[in-house]
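Structure, as structure tokens:
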Amino acid sequence: MADRVTVIGWDGSPLTDTARAALGAATLVAGAAHHLALPEVPPAAERVRLGSVALAARRIAAHRGTAVVLADGDPGFFGVVRTLRAPEFGLEVEVVPAVSSVAAAFARAGMPWDDAQVVVAHPRTLRRAVNVCRAHTKVAVLTAPGAGPAELGLLLEGVHRTFVICEELGTEREQVTVVTSDKAADHTWRDPNVVIVIGGPAGAGEGGGWIAGRDPGAGPRGWVQPDASYGEGPAGGLGEGERQLLRAAQLARLGPRVGDLVWDIGSGSGAFAAEAARAGAAVIAVDRDLAACARTDSAARRYGVQLHVVHGTAPHVLEDLSEPDVVRVGGGGAAVVSAVADRRPQRIVTHAATRDAAELIGRDLTEHGYRVECALLQSVELDTRAWTETERSVAFLLTGVLPDRAP
């Protein structure tokens, strides 16, 4: 087994004395081609081209001597350190960090990044990375072949963002390019690269503060806000299916989270869409009424969240929308629920005013392979000055969960 494994971060600047000493004593050096070409690599050392980190770790574990692994940027930040420290390899790891590629990218752009989200995009996680770019105003994307600037731009269709694309940071071929997201697919980009994605109005709590990334406590406390927050009058001008307690139950059943794409079909006042976005999810809000679309835009601005509002009638308007993770159907009945189920989101939530309507929707969801739950929700609001009833509402809450995609 290797006596010691030193992981050295490289950002294009001269190596530190500590890094030089470790590299000079190495009997095995692993890294990318440009790392192995560094003049400090001992000529007699065994050289391992770093492709699969797990395969390299096995090679290092079997090596009798001193090993060094060279990696771009800070190897402890979405880097090789996590794999090398896996228990199955039994390696003792020391780290000599460098400036991370994310920090370098923001430095080239002259921007702070304590308020940025940082995501990794490769073919398996590309869609979730795009959803974070939809939902937040400042995101750094660590890309991979097949999940680079062009693919990000194509999947962000309909959402305007500015890309700052930093190619081959720290090398002689380093280049920084600013393009709009719709133009990113018109170019061929060199790997490795980091994409800073910027756009939309600054959200509440996204101007920096006490915590890196998005402040989870920004905005008013509570998963859902009082009905009066969304318009005039005690009910805020909300439709019957938008009342506060029903919204709370819908949010609890769907559980929107960072990286998700939520469809809110029949967005009405925008109350549910804004509250799902406050949870960190990307949201597409759909309504056939232009006035409802305007109210949804207003709700998004009020709570400092990003929403993509689409004017159109379901189910036809749904055909061109990106694939959802979870869906709330606030209007359109069984026909819209059936069209949504055809797209196979993880969860669908809707409501019905009568038992017959609930049974029709439930049967359709079951036929689509969903496990169906239904609850009769009744809420009674009381005036606590006299403890008299002021409002009563009843609704059947239906949830469909796709077992092969849960949770």
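The values are calculated or read from the model by the stated rules, or taken from the named source; none is laboratory data. All of these numbers come straight from a predicted model, not from anything done at the bench. Counting neighbours? That spans all protein chains shown, and the Cβs are built from the backbone with ideal geometry, glycine included. Surface accessibility is based on the protein's heavy atoms, side chains included, excluding ligands, DNA and RNA. Shrake-Rupley method; radii C 1.70, N 1.55, O 1.52, S 1.80 Å.
Tabulated data for the structure shown
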quantity	calculated
Flag if Arg328 is open to solvent by 40 Å² or more (accessible area, probe 1.4 Å) and among the charged types (D, E, K, R)	no
Residue list for the range 208-223, restricted to those being of a type in the set (Gly, Ala, Ser) and either loosely packed, with under 13 Cβ neighbours inside 10 Å or over 16 Å from Ala271 (Cβ atoms) (or both)	Gly208, Gly209, Ala212, Gly213, Gly217, Ala218, Gly222
Those residues of the range 2-18 which are among the aliphatic types (A, V, I, L, M) and either within 19 Å of Arg49 (Cα to Cα) or assigned to a strand (DSSP E or B) (or both), in sequence order	Ala2, Val5, Val7, Ile8
Residue list for the range 26-39, filter: open to solvent by 50 Å² or more (accessible area, probe 1.4 Å) and part of a loop (DSSP other than H, G, I, E, B)	Thr27, Ala37, Pro39
Residue match in the range 352-367 (condition: in contact with a Pro (Cβ under 7 Å, 6 or more places away or on another chain), open to solvent by less than 10 Å² (accessible area, probe 1.4 Å) and modelled with pLDDT of 95 or more)	no
Residues that are open to solvent by 70 Å² or more (accessible area, probe 1.4 Å) and part of a helix (DSSP H, G or I), drawn from the range 72-106	Arg82, Pro87, Glu88
Sole exception among (1) open to solvent by less than 80 Å² (accessible area, probe 1.4 Å); (2) at pLDDT 95 or above for Asp342, by number	(1)
Within the range 131-144, considering residues that are free of Cβ contacts under 8 Å to residues at least 60 places away in the same chain and hydrophobic (A, V, I, L, M, F, W, C), the one farthest from Val195 (Cα to Cα)	Ala144
In the range 1-25, residue farthest from Ala98 (Cα to Cα) [restricted to those that are of a type in the set (Val, Ile, Thr) and open to solvent by 70 Å² or more (accessible area, probe 1.4 Å)]	Thr18
Every residue from the range 132-159 that is open to solvent by 40 Å² or more (accessible area, probe 1.4 Å) and either more than 23 Å from Arg214 (Cα to Cα) or among the polar types (S, T, N, Q) (or both)	Pro145, Gly146, Glu151, Leu154, Glu157, Gly158
Asp320 in contact with a Ser or Thr (Cβ under 6 Å, 6 or more places away or on another chain) and open to solvent by 30 Å² or more (accessible area, probe 1.4 Å)	no
Residues of the range 258-298 satisfying the condition of being of a type in the set (Lys, Arg) and either outside any loop (DSSP other than H, G, I, E, B) or open to solvent by less than 10 Å² (accessible area, probe 1.4 Å) (or both)	Arg278, Arg295
Filter result (open to solvent by less than 30 Å² (accessible area, probe 1.4 Å) and at pLDDT below 95) within the range 368-394	Ser379, Ser393
Single residue of Ala67, Ala56 found to be part of a helix (DSSP H, G or I) and buried (at least 19 other Cβ atoms within 10 Å of the Cβ)	Ala56
Looking only at the range 78-133, and only at residues there that are more than 29 Å from Ser13 (Cβ to Cβ) and charged (D, E, K, R), the one that is nearest to the chain's Cα centre (by Cα)	Arg128
Unmet requirement for Ala129, which otherwise passes all of (1) surrounded by 16 or more Cβ atoms within 10 Å (Cβ to Cβ); (2) closer than 28 Å to Ala37 by Cβ; (3) at pLDDT 95 or above; (4) small (Gly, Ala, Ser)	(2)
Residue selected from the range 42-53 under the condition assigned to a loop (DSSP other than H, G, I, E, B) and under 39 Å from the mean Cα position of the chain (by Cα), by the criterion surrounded by the most Cβ atoms within 10 Å (Cβ to Cβ)	Leu50
